[in-house]
1. Residues to consider are A:ARG309, A:ARG343, A:ARG330; find the one that is under 19 Å from the mean Cα position of the chain (by Cα) and not hydrophobic (A, V, I, L, M, F, W, C).
2. Residues being under 19 Å from A:VAL340 (Cβ atoms) and either surrounded by 19 or more Cβ atoms within 10 Å (Cβ to Cβ) or free of Cβ contacts under 8 Å to residues at least 40 places away in the same chain (or both): count how many of those fall in segment A:286-304.
3. Being outside any loop (DSSP other than H, G, I, E, B) and at the interface with chain B (Cβ under 7 Å from one of its Cβ atoms) is the filter; apply it to segment A:152-164 and report the residue that is least open to solvent (accessible area, probe 1.4 Å).
4. Does segment A:220-234 contain at least one residue that is touching a strand residue (DSSP E or B) at 6+ places or on another chain (Cβ under 9 Å), at positive phi and not hydroxyl-bearing (Ser, Thr, Tyr)?
5. In the set B:ILE95, B:ILE121, B:ILE141, which member is facing chain A (nearest Cβ under 10 Å), of a type outside the set (Ser, Thr, Tyr), within 21 Å of the chain's Cα centre (by Cα) and open to solvent by less than 10 Å² (accessible area, probe 1.4 Å)?
6. Quick one: A:VAL167 ticks every box in (1) in contact with a helix residue (DSSP H, G or I) (Cβ under 9 Å, 6 or more places away or on another chain); (2) within 10 Å of chain B (Cβ to nearest Cβ) bar one, so which box is it?
7. Just give me the residues in segment B:299-318 being part of a helix (DSSP H, G or I) and of a type in the set (D, E, K, R), in sequence order.
There are 2 protein chains.
Amino acid sequence: MTNILVLGGDGFCGWPTSLHLSALGHDVTIVDNLSRRIIDDELGADSLTPIASPEERVAAWKEVSGRDIAFHNLDVADYDALHALLDTLRPEAVIQFAEQRAAPYSMKSAARKVYTVENNIGATHNLLAAAVDLQLEAHIIHLGTMGVYGYDGDGLEIPEGYLNVYVPGDDHEIYKRQILYPTNPGSVYHMTKSMDQLLFQFYAKNDNLRITDLHQGIVWGTQTEETRLDERLVNRFDYDGDYGTVLNRFLMQAAVGHPLTVHGTGGQTRAFINIQDTVRCIALAVANPPEAGDRVVIRNQMTETHRVRDLAGMIARVTGAELALVDNPRKEAAENDLRVSNRSFLELGLDPITLEKGLLNETLEISQKYADRCRMEMIPCVSTWTPEHRPGFVPEEIAAQDSKARQLGGNVVAPKKGFGSNAA
Amino acid sequence: MTNILVLGGDGFCGWPTSLHLSALGHDVTIVDNLSRRIIDDELGADSLTPIASPEERVAAWKEVSGRDIAFHNLDVADYDALHALLDTLRPEAVIQFAEQRAAPYSMKSAARKVYTVENNIGATHNLLAAAVDLQLEAHIIHLGTMGVYGYDGDGLEIPEGYLNVYVPGDDHEIYKRQILYPTNPGSVYHMTKSMDQLLFQFYAKNDNLRITDLHQGIVWGTQTEETRLDERLVNRFDYDGDYGTVLNRFLMQAAVGHPLTVHGTGGQTRAFINIQDTVRCIALAVANPPEAGDRVVIRNQMTETHRVRDLAGMIARVTGAELALVDNPRKEAAENDLRVSNRSFLELGLDPITLEKGLLNETLEISQKYADRCRMEMIPCVSTWTPEHRPGFVPEEIAAQDSKARQLGGNVVAPKKGFGSNAA
């Protein structure tokens with residue numbers, strides 16, 4: 001049994017992780033300043049699922065499991081508050097989810113860029129500085145992202161954090177080196193996760209902190225074994241253009257009769273993981289800490305890769321939904337390949353839940369169950385990467401089926417060029 | 001003539017740079033929140049040279065040169081204030097010196113670590129986010145540090161920012177890549193400069209900002225052609241254990257009869273540049289901006305490398321000063337080699353001022369002139385990198401000359417083991 005502090009334990013990954021670790025017998029304390037709920041208010045968005053307050057959540061968990069989870073409303077970017085809590089709790093493991101985690105939100109405006117950098121870097125660095133100051137020996141586990149690697153696939157398999165390279169010297173010798181994979185973030189959000197890597201590298205080297213950095217793929221699904229136990233434990237489900245993740249958005253769009261909004265050609269290949277596997281991976285990370293003095297352990301927390309248009313086509317075939325090829329608000333490669341190693345978690349015993357295994361239906365069912373809560377106007381991705389980019393609106397007029405639609409296995413709505421401008 | 005904004009224009013590099021750019025005919029505006037002066041007050045330290053207030057400085061420059069320099073007391077880490085000023089000025093070039101720049105200060109305490117990260121990352125990111133928001137086309141020039149490369153010399157010459165590597169693929173092909181040199185910072189301060197590199201990489205890629213990052217060596221010397229013109233223009237001279245740079249510290253220690261404090265074995269090899277060359281390099285960088293869409297231009301702003309004990313030995317021979325091998329408060333390699341490319345500035349016409357060229361005497365003379373202002377108690381480096389490290393105190397008792405002293409060309413004071421503890 002480990003004394004675990006979960007920073008950001010009210011969020012989409014943090015909440016089910018907290019329940020799972022509690023169910024495994026760990027002593028769990030949640031810290032959250034509810035920033036995710038506050039940003040929903042700011043955006044006029046809301047979880048599709050009706051989530052209970054943190055206090056109701058932990059009370060329901062006590063009823064269901066007999067186990068206590070403590071909750072503290074605290075801003076991790078406030079150093080003194082975090083320091084005081086760490087001093088009291090002296091956790092053996094700290095899981096750091098407390099970062100602003102939406103790429104589109106991080107690109108929405110200058111103020112959101114500044115907030116994302118200050119909040120994410122501030123929170124993570126505060127944790128490291130306080131851990132050193134308090135001589136905490138806690139294992140620090142951080143939720144990173146596959147996005148730090150970038151998506152310029154070029155035939156190389158993405159390794160787990162470190163890359164073997166050969167460097168030609170000016171003495172004509174060849175030097176072998178193992179380096180941190182060169183980072184190529186695609187948004188301010190991803191940039192903060194890349195910067196976090198340098199924080200971890202330094203604090204592991206200088207202070208022998210034990211750190212695991214999990215480079216997570218795009219999470220899909222909503223419920224886990226624990227969140228299913230009671231309505232009041234339900235996990236959040238984001239479908240809006242800023243916080244919704246692509247696969248969940250497609251499933252929810254299908255459920256409410258909205259065309260599946262494919263950005264650009266849908267040629268982006270991305271890494272995915274089901275939320276149930278997320279919580280299992282974190283439990284595996286907790287159980288397998290590095291030693292003091294080790295370099296940062298980096299694990300790729302993903303289980304499969306898919307091309308976005310293939311996902312859309314698959315869901316369209318299953319559900320009869322239409323596809324809409326809309327403007328891509330992001331500055332990114334239109335098409336990319338992606339091969340990723342996830343040997344580390346497989347070796348620790350992870351048995352991946354893939355799309356094939358049918359949990360797509362569960363997410364569809366949740367989407368249908370709460371379809372009346374959907375705010376249709378929140379669906380488009382309106383945060384653009386530059387003033388030259390256009391938001392991903394579906395034109396009102398539905399174009400006739402064209403040949404692309406048949407290739408993709410659904411009906412295509414052609415993007416209306418010139419529609420919309422920088423809505424950020 | 002370029003409209004140039006100098007952020008941090010009251011500091012050791014910022015002030016002489018502002019004067020030099022003004023002397024060259026540019027329109028110069030200085031922004032500074034005087035944090036460097038405030039930290040002096042906090043530490044009980046002061047510039048050895050009596051520096052005038054910013055208002056007196058710019059008034060004196062007007063008298064001497066007939067040229068105007070505007071001064072704004074403003075915190076660059078305050079986004080709204082910076083945004084408003086940039087909107088009014090719309091500078092064509094912005095030089096970003098406004099970061100906390102002492103490695104020992106950044107390691108002095110948890111609070112200083114947090115301050116250094118928040119201030120440096122906040123200031124630099126604010127500049128980038130505001131430039132994008134205002135669609136400024138300014139060339140952004142940032143003072144980085146050689147320290148981002150780390151000092152684990154291993155035979156490779158350090159290139160100017162980018163490294164050619166060969167990556168073995170799992171398909172048995174070899175892929176050639178050019179990557180940002182893998183960073184290996186040795187303090188929280190150096191870490192922030194490494195993180196800045198990721199900010200620049202992203203904003204150059206996403207927003208086509210034109211950015212030059214100058215990886216500067218350790219600056220020595222005090223005066224430049226312009227600061228010499230009037231007593232009220234004198235540059236600051238730091239000799240304290242946090243802000244003093246090694247060569248200036250040795251020269252000043254020699255001038256006041258203090259043993260030259262060599263950390264550890266003095267086997268550290270570092271890159272150096274004279275302050276006069278610093279200001280010339282920045283003028284060259286201003287005159288040679290990248291194009292919009294170019295990757296970040298990285299130039300190594302240094303002119304020679306020396307081993308610390310060789311420098312100490314040289315100054316001891318010239319001045320008759322004693323050497324003291326003291327505890328090294330830093331966690332760093334005891335001995336390292338260092339070879340660095342600086343072809344970029346040489347090709348732009350820089351004619352380096354080396355130690356050979358005699359400016360050592362000028363710095364000695366300044367140290368002697370103001371020796372009565374020295375606060376001897378500020379000399380030791382008391383900021384330690386970890387609780388296991390010891391401050392660099394010289395024991396009261398001066399040991400007899402030993403064989404090491406003769407090897408080094410001076411008198412050695414042996415470090416007194418067990419003296420002092422973590423004074424941070």
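1. Answer to the check: A:ARG330.
2. Residues flagged as under 19 Å from A:VAL340 (Cβ atoms) and either surrounded by 19 or more Cβ atoms within 10 Å (Cβ to Cβ) or free of Cβ contacts under 8 Å to residues at least 40 places away in the same chain (or both) within segment A:286-304 amount to 8.
3. A:LEU163
4. Yes, that holds for at least one residue.
5. B:ILE121
6. Among (1) in contact with a helix residue (DSSP H, G or I) (Cβ under 9 Å, 6 or more places away or on another chain); (2) within 10 Å of chain B (Cβ to nearest Cβ), the lone unmet condition for A:VAL167 is (1).
7. Taking segment B:299-318 as the starting set, the residues that turn out to be part of a helix (DSSP H, G or I) are B:308-318.
B:ARG309, B:ASP310, B:ARG317, listed by residue number.
Listed here are the residues, each with its yes/no results for (1) among the charged types (D, E, K, R); (2) more than 25 Å from A:ASN248 (Cβ to Cβ); (3) touching a Ser or Thr at 6+ places or on another chain (Cβ under 8 Å).
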| site | (1), (2), (3) |
| --- | --- |
| A:THR49 | no, no, yes |
| A:SER53 | no, no, no |
| A:ALA59 | no, yes, no |
| A:ALA70 | no, yes, yes |
| A:ALA77 | no, yes, no |
| A:LEU82 | no, yes, no |
| A:THR88 | no, yes, no |
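The values are calculated or read from the model by the stated rules, or taken from the named source; none is laboratory data. Keep in mind the model is a prediction, meaning the values are calculated, not measured. Cβ coordinates were reconstructed from backbone atoms using ideal geometry, including for glycine residues, and neighbour counts include every protein chain displayed. Side chains are part of the model used for accessible areas, which takes the heavy atoms of the whole protein and leaves out ligands, DNA and RNA. Shrake-Rupley method; radii C 1.70, N 1.55, O 1.52, S 1.80 Å.
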